[in-house]
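None of the figures in this text is laboratory data; all of them are computed from the coordinates on show. Because the structure is a prediction, the values reported are computed rather than measured. Neighbour counts run over all protein chains shown; Cβ positions are idealised from the backbone, glycine included.
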Ligand code: NI
């Protein structure tokens, strides 16, 4: 049986501010730069969701990508798109909304909802066309 990875790319836009409330604006600016702007700013994120599994001999699919798209939308994109990551996403509460923290939180949202026959293999989260983070659940 061949093990194959399939990937769905999704998009969302969200606002955030990177800061620690226990630091001064100057300290936050020094560490987080433009991302600590007190009046928020946004990013156009891209998220690549890769799942791995056996090819189903009946369909030839590892997983129907329409189903993966729907799951990612329901569990992740609908909560994030056009929201403020600091204020409006309960599952990001208490976390500095860096791309690193966001990708781990997204992993937890997806891992618990995928069908048994596939494994969440890898997430790649792009914050800008030049900056991305990867997470493989470790
Ligand atoms: Ni930012």
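For the chain, with a Gaussian network of springs between Cα atoms less than 10 Å apart, report the residue from 47, 39, 114 with the top mean-square fluctuation.
Residue with maximal mean-square fluctuation among 47, 39, 114: 39.
If you rank 55, 106, 96 by fewest surrounding Cβ atoms within 10 Å, what's the result? It would help to have the intermediate numbers written out before the result.
On the way: 55 14, 106 24, 96 17.
Arranged by neighbour count, lowest to highest, 55, 106, 96 become 55, 96, 106.
Give the separation of the Cα centroids, region 71-138 to region 10-58, in Å.
9
Using Cα-Cα distances under 8 Å and only pairs 6 or more residues apart, what relative contact order does the chain have, in percent?
31
Tell me what the chain gives for mean residue ellipticity at 222 nm when only DSSP H runs of n ≥ 4 count, each as -39,500 (n - 2.57), the sum divided by the residue total, rounded to 500 deg cm²/dmol.
One gets -6000 deg cm²/dmol as the mean residue ellipticity at 222 nm.
Which of 113, 59 has the fewest other C-beta atoms within 10 Å, and how do the rest follow up to the most? Mind showing how you got there, number by number?
Values: 113 13, 59 9.
Ordered by Cβ neighbours within 10 Å, fewest first: 59, 113.
Contact order normalised by length for region 13-84, with contacts defined as Cα pairs under 8 Å and 6 or more residues apart; what percent is it? All intermediate terms of the calculation are to be shown ahead of the outcome.
Numbers: 56 pairs, mean separation 30.1, N = 72.
Contact order relative to length: 42 percent.
Using a Gaussian network model of the chain whose springs link C-alpha atoms within less than 10 Å, name the residue from 128, 24, 99 with the highest mean-square fluctuation.
24
Rank 116, 108, 88 by mean-square fluctuation in a GNM of the chain with C-alpha springs under 10 angstrom and give only the top-ranked residue.
For the chain, modelled as a Gaussian network with Cα springs under 10 Å, the answer is 116.
Remind me, what semi-axes does region 70-133 give for its equivalent ellipsoid, largest first in whole Å, using sqrt of 5 times each Cα gyration tensor eigenvalue? Write out the running numbers ahead of the final one.
On the way: eigenvalues 78, 44, 24 Å².
Its equivalent ellipsoid spans semi-axes of 20, 15, 11 Å.
Give the span of the chain's Cα atoms along each principal axis, as three whole-Å numbers ordered largest to smallest.
Projected onto the principal axes, the Cα atoms of the chain cover 59, 24, 22 Å.
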